[in-house]
Each structure stands twice: as structure tokens, then as C-alpha cells.
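Each remark here refers to the structure printed beneath this line.
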Amino acid sequence: MKVVSLLAGLALAVGTAMSACAASPEGLAIRDPALKAAKTLTVTSARIAPGGTIPEVYSGYAKSISPPLHWGKGPYGTRGFALIVEDPDAPMPQPFVHWIAYAIPPSVQGFAEGAVPAGVRQGKLPFVGKEGYFGPRPPAGAPHHYHFQLFALDADLALPAGADRASLVAAMKGHVLASGELVGTYKKP
């Protein structure tokens, strides 16, 4: 009986410690007060319903191709867009970054499945060591939430390809006209 109680207590402590290590939605780029926007953008996908499950083909367990995304025109003064995809449920202090895309022309209103328009720059992903999209690949357990965050900007960002999240966020400060997000979930198959 004491062994069972000890094991239960240990499991609770480990679970609590893992939860304490996990990022929170407050750490998402779109929640950064310096990126606060007065207007809202609507971000949609033909393959991901708001709050719905992300199809496996877009996951890191399958082909890890980027899903199709769509958004409308930015507000007056939009000179470009930036996209950051993050998982705040990852067991780490900051949300896990799955995609960084910027220098998206104001005339672009979405991405086709598995593609970005010519000229769009993509950032380098920490822990993955590559540029471009990296699909959901959570560990076993509860579903993770993936935030496709879009920002309409009033300036062209002078960032080279391969910029990291911190550099992009710093460059966007004071330039966000509107923002929006699409949230999808994914659980290890």
C-alpha cells in the first residue's frame, strides 16, 4: 500500500513538474503586448476547422507539408504580412515554433497546400535546424494546440531568410496593423 501511495505521489510530482515546464498561451507572439493590433484578421483553412483536428498529412508523423491557409486583405496601409505557427502546449518554457514566414506581399491572401509564393522568406526553426514548415509532432498524451498567427504590417521588414522568432518579433514591434489566428489541434497517432 505504501509503495502504491509513493508511486502515485511520484507520478503526480512528475506531471506537475512537466506542466510547470510547459509554455502557456500567454507566451504566443499574438499575445505579446508590443504586437497588439487594433484590427482583426480572419485566418482560415480548407482543411482545418477552427479548433478542429489538423489532418495527419500535415503532421511531423506523416508528410509534414504545410496546410492551405487563407486570409483577406489587410487594412489600409498594409505593406506585408508575417506568419508564426506555435505550440504553447510543448513541455518547454516558450511555445515550440513550427513555422515562420515573412515578407509576404500585401497582395497575397493565402498559401496553397505545401507551398509559399515566390519571394516569401521563411525563418529557421529552433530545435529543428531548418527553414520552412515543420508539422505537429507532439509526444503521447493530450492533444496540442497549434496557433497559426498572422500579422498585417505597415512596413517591409529588412530581415534576411532564416531569421529566428525573436528577430521577427523585434522587427514587427510598432508595425502591426491587424492580427488574427487559426487554432487547430493534433494528438500523436
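Bear in mind that the values in this text are calculations on the coordinates, not laboratory data. Computed from a predicted model, the values in this text were never measured in an experiment. Reconstructed Cβ throughout: ideal geometry from the backbone, glycine too, with neighbour counts over all protein chains shown.
Quick look at the values:
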item: Under the Karplus curve 6.51 cos²θ - 1.76 cosθ + 1.60, θ = phi - 60°, whole-Hz ³J(HN,Hα) for segment 40-46, x wherever Gly or Pro sits; result: 10, 9, 9, 10, 9, 9, 5
item: When each of LYS39/LYS187; LYS130/LYS173; LYS124/LYS173; LYS124/LYS188; LYS130/LYS188; LYS36/LYS63 is checked by Cα-Cα distance, pairs over 29 Å; result: LYS39/LYS187; LYS36/LYS63
item: Packing-based order for 117-124, 146-153, using average beta carbon neighbours within 10 Å, highest first; result: 146-153, 117-124
item: From phi via Karplus (6.51, -1.76, 1.60), per-residue ³J(HN,Hα) for segment 48-60 in Hz, x at Gly/Pro; result: 10, 6, x, x, x, 7, 7, x, 4, 4, 8, 8, x
